[in-house]
Structures are given as structure tokens and as C-alpha cells.
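The values are calculated or read from the model by the stated rules, or taken from the named source; none is laboratory data. Everything numeric here is computed off the predicted structure, so don't read it as measured data. For neighbour counting, all protein chains shown are included, and Cβ atoms are generated from backbone atoms with ideal geometry for every residue, glycine included.
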Amino acid sequence: MTDKGVRPPHLAAVLVGEDPASKTYVASKEKDSRGVGFTSSVYRYPENTTEKELLDVVNFLNNDPEVDGFIVQLPLPKHIDENKIINAINPDKDVDGFHPVNVGKMVLGMPTFLPATPYGIQTLLQRAGIETQGKHCVVIGRSNIVGTPMAIMLSRNAKDANCTVTLCHSRTQNLAEITRQADILVAAIGKRHFVTEDMVKDGAVVVDVGIHRVEDPTNPKGYYITGDVDFEHVAPKCQAITPVPGGVGVMTRVSLLLNTMTAYRNNIISI
Ligand code: GUN
């Protein structure tokens, strides 16, 4: 399209504060965007930015015709109401798929921006040739970003879904009993090495969404990254398992680019 003289897609990111993980994620998004020829811009604001100031930024990006899609990196500082910010994003530019309009469309199976992590996981299962039809998928964790949309997406009547889904969370009783029934187990609980060997049935497919930094003075970065699954002991039992790093995180990043491409096409057509 750029050969035809059309401008490239433009993904913007808004980062508030100094959270090291958020800074890393946003830097990755910038690098990925540039890597595929998109324009990338990052709007950085200090921790003490007010809700009103952030709403003004969202409004500015909503109205910039050169920006196809943008994300506001979460979590936000405690004094800012995340729901208020998400609600203010133009759903047509909400490439995270977090706006209630887009969540509603996702639930109804209407075309929309699917949240990047579950979208990436669904693509991963499909591309790895993992059968989902009629399988029991157990999701651990009910966040708005991962667990809840994952459970909804995999339970839908679609060729890359049709699972029987159980959504487990911090109040679930007999968790291991349930996870041992999983043909596909998605760990998105946010606790390091939470899923142990005894919680997984032989031949299961395990998807690890966790990202934890563990201090490690022997590592040049001062830390290493690991997941929600005790990979070393769980992997030998599995038909397939995703590593951390190098698994779901990469798919999430790709999904955001795909959503941006969709937003761009819609935007270019409407101009
Ligand atoms: N924080 C953790 N994951 C995400 C994500 O997918 N999008 C945004 N905006 N913030 C996040």
C-alpha cells in the first residue's frame, strides 16, 4: 500500500509512570511496529499525571486522523480510574479491544478487535494444529485482559473454538481436580510456577500466559523471565506447551499488529 503512495499504518501507545514491565512492553510495541513498517509513536507521561490530563490525551488521539489505533498501557496509577479512560477511547481505534463496545461485540461473535493475548493464543492453537472442537479447556484466571475473554472466545461456536470451558479463579475449590480434566490448560493467574506437574493430565496442551521477573545477579539483565507454569516438570507430560519467554508474549505482540492493520484498513477506506 505504501508503494501506491498510501501512508503506512500508525500505532500509538500511551505510557503513564515508570513501571518497568510496562516500559518494556511499550518499547516492544514500538520496535515491533517499526519492524513491520508501521509508524509508531509513544506518549510518555509522569506518574502524577491527572485523570483529566490523560482523558485529554485520549481525546487528542481519538481525533488525530493520522493515528489508526492506540493503546493506553495498563495498569494505570491508582489515582486514575482505568474504566473511565478505556470508556473514553474511540472503539474504532481501540486496538486492545478493551472498550465495552468491543467487548460486547466479542461476546456476540461480531467482527471486532479481539484482545491481543487471547487472540494470540487462539491463533497459536490453530497454527499448531491443536484440536479445540469439543475439548475441555480450563482457564485459570478471570482478568478482563486475558482469562475472561479467553473463556468466552474458546466457548464460541466457531471452527477454532467450540471448547467446553471451565473458568477457574482465586476462589475455586478443588482447583487441581479441575485442571487435571483439562485437554487445554491456559494459565493466566499471575503467580510464578503456580501450575505444577500434579495439576496437569498426561497429553494436555498447556498455554502459559504468566510473565515474572526473578532477580538473578548472574544474568546480564539482573533478572530472568519465567511463567505461571513450572515448565521443567510439567513439559514432559504435555502434548504441547508454550515457553516463557518466547511463547504467548510473542503472539500477543503480533495480534496487536494485526488489530492495527485492521484499524488502518477501516480508517483508510473511510477517508
Ligand atoms: N497491560 C498488560 N497487558 C496489556 C495489554 O494487552 N494492553 C494494555 N494496554 N495494557 C496491558
Within region 131-172, residues in a helix (DSSP H, G or I), among the hydrophobic types (A, V, I, L, M, F, W, C) and without any contact (Cβ under 8 Å) to a residue 40 or more places away in the chain come out as Met150, Ala151, Leu154
Based on what the data block shows, is Thr164 more than 13 Å from the ligand (Cβ to nearest atom), under 18 Å from Leu258 (Cβ atoms) and surrounded by fewer than 17 Cβ atoms within 10 Å (Cβ to Cβ)?
-> no
Report the residue count in region 52-77 for those that are surrounded by fewer than 15 Cβ atoms within 10 Å (Cβ to Cβ) and more than 14 Å from the ligand (Cβ to nearest atom).
-> 9
With the checklist (1) out of contact with any strand residue (DSSP E or B) (no Cβ under 8 Å at 6 or more places or on another chain); (2) away from the ligand (no atom under 16 Å from the Cβ) in hand, flag the one item Tyr25 doesn't pass.
-> (2)
For region 91-111, enumerate the residues that are within 15 Å of the ligand (Cβ to nearest atom) and within 19 Å of Pro9 (Cα to Cα).
-> Pro91, Lys93, Asp94, Val95, Asp96, Gly97
Would you please list the contacts, defined by Cβ atoms under 8 Å and residues six or more apart or on different chains, that run from a residue in region 237-261 that is without any contact (Cβ under 8 Å) to a residue 60 or more places away in the chain and among the charged types (D, E, K, R) to a residue that is outside any loop (DSSP other than H, G, I, E, B) and away from the ligand (no atom under 13 Å from the Cβ)?
-> Lys237/Glu197
Residue count, region 29-62, condition among the β-branched types (Val, Ile, Thr) and either touching a helix residue (DSSP H, G or I) at 6+ places or on another chain (Cβ under 7 Å) or over 16 Å from Lys84 (Cα atoms) (or both), comes to 4
Qualifying residue in region 116-126 (condition: away from the ligand (no atom under 16 Å from the Cβ), touching a residue at least 24 places away in the same chain (Cβ under 8 Å) and buried (at least 22 other Cβ atoms within 10 Å of the Cβ)) | yes
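Okay, residues lined up against (1) under 29 Å from Val58 (Cα atoms); (2) among the hydroxyl-bearing types (Ser, Thr, Tyr); (3) at pLDDT below 95; (4) surrounded by 23 or more Cβ atoms within 10 Å (Cβ to Cβ):
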site	(1), (2), (3), (4)
Asp92	yes, no, no, no
Gly104	yes, no, no, no
Pro111	yes, no, no, no
Gln133	no, no, no, no
Ile145	yes, no, no, no
Thr148	yes, yes, no, no
Arg156	no, no, no, no
